[in-house]
Structures are given as structure tokens and as C-alpha cells.
Amino acid sequence: MRGTHGTPTTTRQDLQQRVPPGRIPPPPPPPTQQRSPKPLHFGRSGHPVRTLAAALTTAQQSATNEPRVDVTAENSIGALRRLDFEFLDATAQTIAKHDVCVPGDGSLVRVRSDGAGTIYYQRVATPASGPWGTWVAFTPPGKGNVVACAAIGARVIVIYTDAAGTGVKWRESTDYGVNFTAEAAAFTAAAAVVDLSVAYKAAGGDCAVAYVTAATLAICKRNTGVWAAPAVSASTFSSLNGVAVCFGADYDIALTGVEATTLRRTLWTQIYGDGVDAPLNTYGTLAIQQQAESDSNVSYKAPFAAYFDAFRINYVEADAFTGGATRTYRIALHPLNTWVIGANMFTAPIPVGYLGAEGLALAADANAVGYVYETAPDYVYRAPQTQLRTTLTDDVVGLIIRERDASTTGYIDLDNSGGAYAGPPSPVTIGNRLDVRWGYYTSSGYLTSKMADMWIAATEYRRSGGKSVLRLHVEGGWELLRRNRQRMQIVHTADSYYSILLRMMSRAGLRLSGAGVSTRADTVTPKFTIPAQMSAFEAAQQALSFLADRIRMTSIAGCVMLQPMPGDATTYTFGVAHPLRSVQLRTEQPRAAEAYAFGTGAFGEAIDYNAAAVAGAPRDYMRDATSTTGATAAATATAHLRRRALDADAGLIIVPPNCGQELYDMVEFSDGYISGSAIKRRVKGIDWRYERRPVAVYEQTLLLGAI
Amino acid sequence: MPDTSTPPATMRHGILKVWYSGTYLADVQLVGSLTTWLKSIPVARDIASAEMVAGRNVLVAMLDDTNPADAAVVAVWV
């Protein structure tokens, strides 16, 4: 929305749960309140390991301890709150500039221009029931045709322009929008205002109005009741047509228009610092989030921004080509990302079934309760924003998860013998996130450890032999990437491989962090274009083929990039304290013995001479137009050869689940019949299996790879 | 784990947007990309300049899907 005060980001920690024996574990603690999202972490402090409580480690090493698998469903898609909008009103009105805000009493305030100099106002005390047909003239005729509003607690402010378009006026309420002050002048713009937006910073009334003229962005702050002079951005544009501002930790701005020089139609993000993510009273860097060619017949307009569970933007893409439509799209940032995260970081646009030219304003009740509203003059929808979590633990009768290098799939069977899952009930719904934790009964009660996030891909009722089961087919972050395609082509000209992957993941709703990332991934800046037709998965695999690094999915829709090194320390030992049920140790040739990289006028190679001496080891050829010297091409070949070495199979072991096991961990085990010394291998796949019937099974198969 | 060797070249259908006869380069809208074009794609020299008319169909051989500079327009038709 324009002007919603920022409400907290939800953070969930990977907490181990402690519950008395026989009790259903409680849901995780309620969301903590955090004023500012955490900045992106670029840690390089070695590979992360999921650590376990000592009592859990002891329990999993005992063959007699009772297993525990906790499964919870939550109404989150990716890491974002799932918003299921419900219809409230569609009374026809003139489509012109408009806005919405939600005062602290749960009422809904809408403002709109009639496009002919009058501002209209509507306050609905009980949005569930309306009425929606009543609008009052907020101003006498003779005003401008732009308007915006914001609310915080009991305050509601409405901003609009005079007939000339340069005089910006305001009226404010301190009783939830029931009564307003008389019109007053806020400031005078240097040129006619094309669009404006307002956001409160604090309950005391500090706020800011962001506005655009034909080709200028500016913002004007009100502190302790005094309007400052507008601060004009130095950025140049060919033209501008829309602006939105919200307050997260600074004044966060979205704007639409036409880029200078290239004349590309663009949706940008910008920040005006309040001293948190950007210095006080300073503009940040324009970041392109959507863009279309000058001759594409596509344009962007009517942005609205809000910050509640995460930063979200609604905007209109107007397609003037044959068959095109004018439609609102939704984009958002991962909840842990900040507004200044950079270009091409918002999620892939999601189309909304609203075709009005002035888009959908966005606003929400404060404090992550109540509703999120999307409105236009002829449209009111709302969605509950409350976090819903349902514990499925007691009904889990079977669970199989297969984690691999680039996929996570499996299923969870829920006992539906009493019909409890008919429907199925919310939030057991396709697309929602599942929290799966593996554990045991320990000396401290039930303890579990959370594995990487998964989401419900499909639901399937299975009835056979008098049994009724609801099977939830689940999938992980790689599957989100497989489904993710952009509406526009993404061109990277000076980003490192890490940065390219970071943005790719973010557009799919995942948050990448680094832990022991290779220098090559951090420093090589390839020319890398992601065509509109290419999935994020394909693009990620293409980028990774030039690196020895791997990406491991984690919790809170996160993922970690790391470079497996031969000298990595062992993170867990089987066969001594931890039982080892079965071993298949395999030794095979590496998947490639030679790698050739063909650069631009350059050639590089990497050779595993020992493997090459054995017949059958293949040679990989790579096109690497980024490399222009033999050295850089050789570095590409070396990275690729290392990557292929890690692809070799080394067999498997079957064990009682090590609850903290993750892909690419280094493990070792001992078996005197195989080797006189400890056998060290890297985990390249994990099969998790938990079944209550017909035979109780609780085990883990670790697929091993080269180190 | 998937085979991570470099994927094979692909052929894409495009629409010619801009033709640079002096450098034998072209801007091409790949079919499916509604808002953005591939810029400065090399064009096969055996294609007559006069045939490169904006709006015509082209076939783009992409030796590396993520690097338009490593591609070529190999055919043009009405």
C-alpha cells in the first residue's frame, strides 16, 4: 500500500523442541517482532553444520530410543505468508488515482480521484459487512487528480494536489479517519505532480510524501509536525508515471516510468535513508526490478508498496501488443531481505485477475494480524494474514524424503481413518510449507532437528483395505526453481557467479547465503543472460557447471552455497557410537578425467592423470566465452573437473537417522572387513524413511560420494 | 546427481527486431519473451543483408543458452 507503517518481519528459528514424553510438541514460538529485516549475510566462515543438542546426539546413537518425527503445516508459500484473497466489493466507480490504508481500529479507509478535480473518501468501520457504496466528497471540486493516504494507529493522513498540480495539500485525522483537520499546504513541487504516495514512520505523525513529476523523483518529510523542503533525487529519467512509498526501516520507494537514454519501460526500487539501511536523508541506488524494451509495447505503472510480513509491491503491466492485457502483478522480497538488496531480486511476477488501469492499492492491519487488503475504486478484496500452523505429528504413519544434489522429493502419509483430513483442512493445502523435524525421545524429552523446508506439491487420498490415508507429496527448493520462469530476460554483465545465483534464487522466493564459497564464484563475472523461457533451475545448473561449489537447501526458504574441499573435516562418525546397519562401499572412476574449456580465443584444460590412465574416463568439453586467457579458461576447466569428481558414486550406508545430517557433510565410518582405517566420504544424497506400519521403520540411507 | 557437463546447443525461434548491417549483428525477440530482446546476436554471413527485415522470423542457434554473444542467427524467413 501507500503509507502503511511497517509491521514486523516474522522470523522463525530452527529450534529444537522440548516436550514431555507423550505430549504433542507445541508449535514454535510466536513470531518475534523485528523492525528491520536482516541484511544479506555473506559469511565465509566454513561450511555450516546443523548442530544437535547433546541429549539428541546421545539418543540417536542408542538403538533402543523411541523415534520422533514432527511435521507441521504452515500457510507460507516460499517464506511468504500465503494470502488467499476473498471478495468484498466490486461496485463500479470511475477508475482514476486511488489509495487505501488501515487505521488501528480495523476500519478501512479508501480515497480516490474522480479524474475531474474532486477527491472522494470512504471509511468502512466494519470491512466484513461494508457498506461499500457510499463515498463522500473529501474536497470541493477544483483539485488535482492525484491522491494518496496512509494510517498508523489512530492517525490517517490524506495527501492530494491543487488544480495546478504543484501545491501538495494534506488533511489528517487522529480518530481513525472519522474527523479530519482542514486542508493545509504541505509543500510546493517544482513541476506538476504526476503521482504521489505517503507513508507514516511513527505513531507521533512523522511521515514522508514521495512524488514524481514528469521526469523527477522527490520526497518531502514531515518531522515533529514540520514539513521539510522536498529532496529531489539526482537520478534522471525519460519520464515517470507512478510512485509508491512505504516505511520498513527507511523510506522504501517503488517507481515506474521510462529509463533515460534506452527508453526502456521500467519498474525501479529506490530508498530514501532514515539511517538504517541507507544513510539519513540520502537516496540509494536505483534498482531495476522489471523492464521492457522501448519498442515492446509494454509499460509499467500504478505501483503500490507495503511492508508487513515482507516487502511487497503491486504494479500494473500494460501490454499494448495484439492480445496483450493491462493487468496487476504482485512481487515480493524474501522476508529476510532488505529493500536495498539490489536489482532483479523480487519474486517472479504473479498475475492478479484485475484489469483496471490504476492497479491495486495494498494495505494491511498492523502487527501481522487481521487482514491484507487490495483495493481499487471498483474492487475490494482481503486476505487473512495470520500465521496458521497445524501439527500433523500424531497422524503421520509414513514419511519418505529423498534429498539429492538438485532435488528434494517425497511424501508424507497421514492417518485419515477418522476423516480428519477430508477436504483437506487448511493449512494442509497445495503450495504451503511443511516443517519436518527428525528426532528421538531423549533424556530431555523429545528432541528434534529441522531439515530443509518443503512444500506440498500434491495431495492424494488413498483408500485400500479399510485404511484411509492422505498422502502429501512434497518437494523442496530445487522444485521451486524448476517452476520459476521470468516475464523478462535477465542480463548480468558485471555480477559474479555468486551474485547471479543469489538473484536467481531470490526471484524464486529463496534466500541464498554463502558459507565457504569459492573465490572463483565470488570474483568471476561472466556475461550471463537468462532468457525468459529458461527456468531458474536450468539457469542455476548452467552457472554451477562453471564452479566447484554446491548449493544446499535449508530452512526458512533458504539455501547455502559452499565449496566442498577434499580436506574438509569429518562432521559425524558412524559405526562406533552410532550404529551402522548396512554398508555398500563403491569405488569408481571419476565422471570425467579431462575437462577442456574453450574460451574466446583461449583454451584451458584440467586433467586427472591417474584417472586418464584408466580406459573409460571421459573428457568434458565446455564452451566458456567469458574466458579470454588461457589461465581463466584453465580455471574454468579445473573447477568443472573438481565438480565432476564429486559426482562419482561411493556407495551407501544405512543407519538410524542422524537427525542433523545434511547434503555435502563429510562423514566417516569404520569396518575392519573393508579397511583397516576409517573410511571418509561425502554425503551426496539422503533417503529419510519413517513408517509406523505394517512394520515400524526408522532409518536413513546416506548415498556417498567422493570427498 | 545430474550430469553437470555443459548442455548441448539449442535452436530458438525468434523475430528480428533490429538489423545492424555494418556489423552483421541483430536484436532478436525470442518467441516467448514479451518484454525484452536478445541484443547484438551474430548473424551468419551467408544471409543476404537485404533479407534481414525487421519482423521476419529467424532461427537462432544458441551454443550457450546463457550467453547471447555465443549464438548465431542461421536462418531467416518470412
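Anything in segment A:453-471 that is out of contact with any Gly (no Cβ under 9 Å at 6 or more places or on another chain) and either in a strand (DSSP E or B) or of a type in the set (Asp, Glu) (or both)? List them, or say none. Quick ask: steps written out before the conclusion?
Filtering segment A:453-471 for residues out of contact with any Gly (no Cβ under 9 Å at 6 or more places or on another chain) gives A:458-467, A:470.
A:Ala458, A:Thr459, A:Glu460, A:Tyr461, A:Arg462, A:Arg463, A:Ser464, A:Lys467, A:Leu470, listed by residue number.
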Could you please find all residues in segment A:108-122 being surrounded by fewer than 19 Cβ atoms within 10 Å (Cβ to Cβ) and in contact (Cβ under 8 Å) with a residue 40 or more places away in the chain? A:Gly117
Cβ pairs under 9 Å, 6+ apart or interchain, first in segment B:18-38 and farther than 14 Å from B:Ala54 by Cα and part of a loop (DSSP other than H, G, I, E, B), second open to solvent by less than 60 Å² (accessible area, probe 1.4 Å) and among the aromatic types (Phe, Trp, Tyr), ordered by first then second residue, are B:Leu34/A:Phe321
State whether one or more residues within segment B:69-76 are over 9 Å from the mean Cα position of the chain (by Cα), buried (at least 20 other Cβ atoms within 10 Å of the Cβ), at the interface with chain A (Cβ under 10 Å from one of its Cβ atoms) and without any contact (Cβ under 8 Å) to a residue 24 or more places away in the chain. yes
Selection status of A:Asp495, acidic (Asp, Glu) and within 14 Å of another protein chain (Cβ to nearest Cβ): yes
Tell me the residue from A:Thr326, A:Thr322, A:Thr261 that is open to solvent by 30 Å² or more (accessible area, probe 1.4 Å), of a type in the set (Ser, Thr, Tyr) and at positive phi, please. A:Thr261
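Got a sec? Which helices (runs of 4 or more DSSP H) wholly within segment A:482-581 have at least 1 residues that are polar (S, T, N, Q) and crowded, with 19+ Cβ neighbours inside 10 Å?
A:497-507, A:536-544
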Hits in segment A:530-558 (condition: facing chain B (nearest Cβ under 10 Å) and basic (Lys, Arg)): A:Arg550
Do you know which residues across segment A:130-179 are under 25 Å from A:Asp378 (Cβ atoms), in contact with a strand residue (DSSP E or B) (Cβ under 9 Å, 6 or more places away or on another chain) and surrounded by fewer than 14 Cβ atoms within 10 Å (Cβ to Cβ)? A:Pro131, A:Gly133, A:Thr134, A:Val136, A:Ala137, A:Gly142
So which residues in segment A:250-300 are part of a loop (DSSP other than H, G, I, E, B) and within 14 Å of chain B (Cβ to nearest Cβ)? A:Thr262, A:Leu263, A:Arg264, A:Glu293, A:Ser294, A:Asp295, A:Ser296, A:Asn297
Say we look at segment A:669-707 and pick out the residues that are more than 15 Å from A:Val576 (Cα to Cα) and of a type in the set (Ser, Thr, Tyr); which of these is surrounded by the most Cβ atoms within 10 Å (Cβ to Cβ)? A:Tyr690
Given the conditions (1) modelled with pLDDT of 95 or more; (2) in a loop (DSSP other than H, G, I, E, B), which single one is not true for A:Ile653? (2)
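Conditions tested, residue by residue: (1) away from chain B (no Cβ under 12 Å); (2) touching a residue at least 60 places away in the same chain (Cβ under 8 Å); (3) within 18 Å of A:Gln563 (Cα to Cα).
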residue	(1), (2), (3)
A:Arg619	no, no, no
A:Ala625	no, yes, no
A:Ala631	yes, no, no
A:Ala637	no, no, yes
A:Leu641	no, no, yes
A:Leu646	no, yes, yes
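Can you tell me which of A:Ala244, A:Ala215, A:Ala228 is aliphatic (A, V, I, L, M) and farther than 26 Å from A:Thr328 by Cα? Even if it seems obvious, please write down each step before you answer.
Details: A:Ala244 fails: farther than 26 Å from A:Thr328 by Cα; A:Ala215 fails: farther than 26 Å from A:Thr328 by Cα.
Result: A:Ala228 is the single residue among A:Ala244, A:Ala215, A:Ala228 that is aliphatic (A, V, I, L, M) and farther than 26 Å from A:Thr328 by Cα.
Restricting to segment A:380-408, and then to whatever is closer than 28 Å to A:Pro694 by Cβ and within 14 Å of another protein chain (Cβ to nearest Cβ), can you tell me which residue is surrounded by the most Cβ atoms within 10 Å (Cβ to Cβ)? Show your work before the answer.
So in segment A:380-408, the residues closer than 28 Å to A:Pro694 by Cβ come out as A:390-404, A:408.
Narrowing further to those that are within 14 Å of another protein chain (Cβ to nearest Cβ): A:402-404, A:408.
Details: A:Arg402: 17, A:Glu403: 25, A:Arg404: 17, A:Thr408: 23.
Across segment A:380-408, the extreme among qualifying residues is A:Glu403.
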Kindly indicate whether A:Val340 is open to solvent by 30 Å² or more (accessible area, probe 1.4 Å), in a helix (DSSP H, G or I) and more than 13 Å from every other protein chain (Cβ to nearest Cβ). yes
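Please enumerate the residues belonging to segment B:27-58 that are more than 14 Å from chain A (Cβ to nearest Cβ) and either among the aromatic types (Phe, Trp, Tyr) or open to solvent by less than 50 Å² (accessible area, probe 1.4 Å) (or both). Walk me through it before giving the result.
As a first pass, look at segment B:27-58 and keep what is more than 14 Å from chain A (Cβ to nearest Cβ): B:43-53, B:56-58.
If the condition is that a residue be more than 14 Å from chain A (Cβ to nearest Cβ) and either among the aromatic types (Phe, Trp, Tyr) or open to solvent by less than 50 Å² (accessible area, probe 1.4 Å) (or both), then B:Val43, B:Ala44, B:Ile47, B:Ser49, B:Met52, B:Asn57, B:Val58 are the ones that fit.
The values are calculated or read from the model by the stated rules, or taken from the named source; none is laboratory data. If you're wondering where the values come from, they're calculated on a predicted model, not measured in any experiment. Heads up, the Cβs are rebuilt from the backbone with ideal geometry, glycines too, and the neighbour counts pull from every protein chain shown. Side chains are part of the model used for accessible areas, which takes the heavy atoms of the whole protein and leaves out ligands, DNA and RNA. Shrake-Rupley method; radii C 1.70, N 1.55, O 1.52, S 1.80 Å.
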